[in-house]
1. If I stretch the segment between Lys186 and Leu173 completely, what's the gain in nm (0.36 nm per residue apart, minus their alpha carbon distance), one decimal?
2. Rank the residues Ser95, Ser74, Ser195 as a footprinting-exposure proxy: fewest other Cβ atoms within 10 Å of their Cβ go first.
3. If I model a spin label at Ser205 and Ser74 as a point 7 Å from the Cα along the Cα→Cβ vector, what separation in nanometres do I get?
4. Can you sort Phe80, Phe140 from fewest to most other Cβ atoms within 10 Å of each residue's own Cβ?
5. How large is ³J(HN,Hα), in whole Hz, for each residue of the range 156-163 in order, when computed from phi with the Karplus curve 6.51 cos²θ - 1.76 cosθ + 1.60 and θ = phi - 60°, using x for Gly and Pro?
6. Arrange the following residues from fewest to most other Cβ atoms within 10 Å of their Cβ: Glu150, Glu10.
7. Could you compute the FRET efficiency for Ala160 and Phe132, with r as their C-beta to C-beta distance and R0 at 35 Å, rounded to 0.05?
8. Greater than 20 Å separation of Cα atoms is the criterion. Which listed pairs, Lys83/Lys105; Lys137/Lys176; Lys137/Lys200; Lys138/Lys163; Lys176/Lys199, meet it?
Amino acid sequence: MSEKIKKKVEKKTKSAPVKKAPGKVAAPKVRAAVKKSVVVKKSEAVPQGLPSVVPRALPPVAGEKKISLANFPSFPGSRFDRKRLGRGDSSGQGSTSGRGHKGQKARAGGYHKVGFEGGQMPLSRRVPKRGFTNIFKKEFAVVNLRDLAELPDNTVVDVAFLKENGFVRRNALALKILGDGEFAKKLVIRADQFSESAKKKIIASGGTAEVVNG
């Protein structure tokens, strides 16, 4: 090979671009957005366990009402507009309005009541029944003698007194006294019913147990 040919080949190899082997392409570096925050000064007291960066509080507006559950604003995305049906096919809920073609569930009033099992005997009727509800049942507010042990002597205790002092609920109609706890006070107790142990303790301490509406 002559020297002229060698020089031409060298020039072509130098001028030709070098092809690199295919590999991973480095992703362009994107500068991360820096979030604005408020740094608490050392002079300001920060409770232990809380971060030193806290969100900035909105300044109070003159004449603005305090936020409560009644006027608490809803955040974006927490509430949605209702789905408007039958407003054209372009809305996605036109023609059949999402009910499909024919069938029981496509008709107006097509859904059955709760517990319907397609005509077979529903579970609520298959289960055997037992007992009854007594409509004449009388419910008693129960008070033990240990609850009355701190009352002063000669106090008249009845349903009205117990309601005023929070011993029973305000809708209590009848009262029953039980004998749990130690008792050594001289009280006048008026109730609908007394247990045997309660009556013995009241009489032994010098008090009286009067049965009302008995």
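1. 2.2 nm
2. Ser74, Ser95, Ser195
3. Once both label points are built, they end up 5.8 nm from each other.
4. Phe80, Phe140
5. 8, 10, 9, 5, 4, 5, 5, 5
6. Glu150, Glu10
7. 0.55
8. Distance filter (> 20 Å) returns Lys137/Lys200.
Taken together, the values in this text are just the output of simple stated rules run on the coordinates, not laboratory data. Note that the structure is a prediction, hence the values are computed from the model and not measured. Cβ atoms come from the backbone with ideal geometry, glycine included; neighbour counts cover every protein chain shown.
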